[in-house]
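Asker: Take this structure, written in structure tokens, and hold onto it; I'll ask about it next.
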Amino acid sequence: MSEESNDQLSKASLPRRLAAVFYDGLLCIALMLVTTGIYMAIAQGVIGEDTYKQMNDSGQTLHDPLLSSVLFITLFFFFGYFWTRTGQTLGMQVWHIRVQAQSQHLMSWNQALLRFFVAFISAAAFGLGFLWMLFDKHGRTWQCIASDSEVVRIPKK
């Protein structure tokens, strides 16, 4: 993965992780806005601009399950791509942390999918899954435990 040995890498602190989550959250908002715009343009093309405008004005498009699914899948591919390629999202790069398998290798797509789903559960539980690291003797969150992964702080280059 890299030349650092796991002995040199410490567990990433909660404030550092949350800072990376905030940074990535801003990027995800932008990604979801662009994805929604593309989705709406395609929907208008398929069902017609006037029909789509009427549906939108009446609120019929407000809780579109297909759009929700597209956004969820898009977010998974955003995180999965970075986690399986470098172990770092853009926010993680800025805050010098990396997610990796417990074996000190890059995560697999299956691990990334499990981590992604459990992270949603952790957030939905009012952040309890993230705060769990304060009580776990190994400093793991729910998503770390479920996906057999860890978040480590890496030295600046």
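The values are calculated or read from the model by the stated rules, or taken from the named source; none is laboratory data. This structure is a prediction, so every number in the text was calculated from the model and none was measured. Positions of Cβ are backbone-derived with ideal geometry, glycine not excepted, and every protein chain shown enters the neighbour counts. For accessibility, only protein heavy atoms count, side chains too; no ligands or nucleic acids. Shrake-Rupley method; radii C 1.70, N 1.55, O 1.52, S 1.80 Å.
Asker: Name the pairs: first residue in region 97-118 and under 23 Å from Leu131 (Cα atoms) and in a strand (DSSP E or B), second residue basic (Lys, Arg) and open to solvent by less than 50 Å² (accessible area, probe 1.4 Å), Cβ to Cβ under 8 Å, at least 6 apart or on different chains?
Answerer: Filtered contacts from region 97-118: Ile97/Arg16; Ile97/Arg17; Val99/Arg115.
Asker: Scan region 55-81 for residues that are over 21 Å from the mean Cα position of the chain (by Cα) and open to solvent by less than 40 Å² (accessible area, probe 1.4 Å) and jot them down.
Answerer: So in region 55-81, the residues over 21 Å from the mean Cα position of the chain (by Cα) come out as 55-64.
Those that are over 21 Å from the mean Cα position of the chain (by Cα) and open to solvent by less than 40 Å² (accessible area, probe 1.4 Å): Gly59, Thr61, Asp64.
Asker: If I ask for residues that are open to solvent by 30 Å² or more (accessible area, probe 1.4 Å) and without any contact (Cβ under 8 Å) to a residue 24 or more places away in the chain, which ones from region 128-137 would you list?
Answerer: Passing the criteria: Leu128, Trp132, Phe135, Lys137.
Asker: Moving on. Given the options Thr36, Thr84, name the one that is closer than 26 Å to Pro155 by Cβ, in a helix (DSSP H, G or I), β-branched (Val, Ile, Thr) and open to solvent by less than 40 Å² (accessible area, probe 1.4 Å).
Answerer: Thr84
Asker: May I pose another question? Tell me yes or no: at least one residue of region 12-21 is open to solvent by less than 70 Å² (accessible area, probe 1.4 Å), touching a strand residue (DSSP E or B) at 6+ places or on another chain (Cβ under 8 Å), in contact (Cβ under 8 Å) with a residue 60 or more places away in the chain and not in a helix (DSSP H, G or I).
Answerer: Here is the first cut: in region 12-21, the ones open to solvent by less than 70 Å² (accessible area, probe 1.4 Å) are 12-14, 16-17, 19-20.
Imposing the further condition that a residue be touching a strand residue (DSSP E or B) at 6+ places or on another chain (Cβ under 8 Å) reduces the set to 12-13, 16-17, 20.
Those left that are additionally in contact (Cβ under 8 Å) with a residue 60 or more places away in the chain: 12-13, 16-17, 20.
From the residues that got through so far, the ones that are not in a helix (DSSP H, G or I) too are 12-13.
Scanning region 12-21 turns up at least one residue that is open to solvent by less than 70 Å² (accessible area, probe 1.4 Å), touching a strand residue (DSSP E or B) at 6+ places or on another chain (Cβ under 8 Å), in contact (Cβ under 8 Å) with a residue 60 or more places away in the chain and not in a helix (DSSP H, G or I).
Asker: Could you please give the count of residues in region 43-54 that are part of a helix (DSSP H, G or I), open to solvent by less than 80 Å² (accessible area, probe 1.4 Å) and modelled with pLDDT of 90 or more? Steps first, answer last, please.
Answerer: We begin by selecting, within region 43-54, every residue part of a helix (DSSP H, G or I); these are 43-47, 49-54.
Still in the running and open to solvent by less than 80 Å² (accessible area, probe 1.4 Å): 43-45, 47, 51-52.
Filter once more, so that each one left must be modelled with pLDDT of 90 or more: 43-45, 47, 51.
So the answer is 5.
Asker: Ok, one more. Report, by residue number, each residue of region 141-157 that is surrounded by 20 or more Cβ atoms within 10 Å (Cβ to Cβ), of a type outside the set (A, V, I, L, M, F, W, C) and within 13 Å of Leu14 (Cβ to Cβ).
Answerer: Across region 141-157, the qualifying residue is only Thr141.
Asker: Applying the selection to region 55-81, what residues are part of a loop (DSSP other than H, G, I, E, B) and not hydroxyl-bearing (Ser, Thr, Tyr)? Don't jump to the end; show me each part of the working.
Answerer: Step one: of region 55-81, the residues part of a loop (DSSP other than H, G, I, E, B) are 59-64.
If the condition is that a residue be part of a loop (DSSP other than H, G, I, E, B) and not hydroxyl-bearing (Ser, Thr, Tyr), then Gly59, Gln60, Leu62, His63, Asp64 are the ones that fit.
Asker: Working only within region 12-59, note down all residues that are of a type in the set (Lys, Arg) and closer than 26 Å to Trp132 by Cα. Reasoning before the result, please.
Answerer: Going through region 12-59, the residues of a type in the set (Lys, Arg) turn out to be 16-17, 53.
Once the filter is applied, which keeps residues that are of a type in the set (Lys, Arg) and closer than 26 Å to Trp132 by Cα, region 12-59 yields Arg16, Arg17.
Asker: Output the residues belonging to region 88-127 that are under 23 Å from Ala30 (Cβ atoms), open to solvent by 20 Å² or more (accessible area, probe 1.4 Å), under 14 Å from the mean Cα position of the chain (by Cα) and aromatic (Phe, Trp, Tyr).
Answerer: Once the filter is applied, which keeps residues that are under 23 Å from Ala30 (Cβ atoms), open to solvent by 20 Å² or more (accessible area, probe 1.4 Å), under 14 Å from the mean Cα position of the chain (by Cα) and aromatic (Phe, Trp, Tyr), region 88-127 yields Phe117, Phe120.
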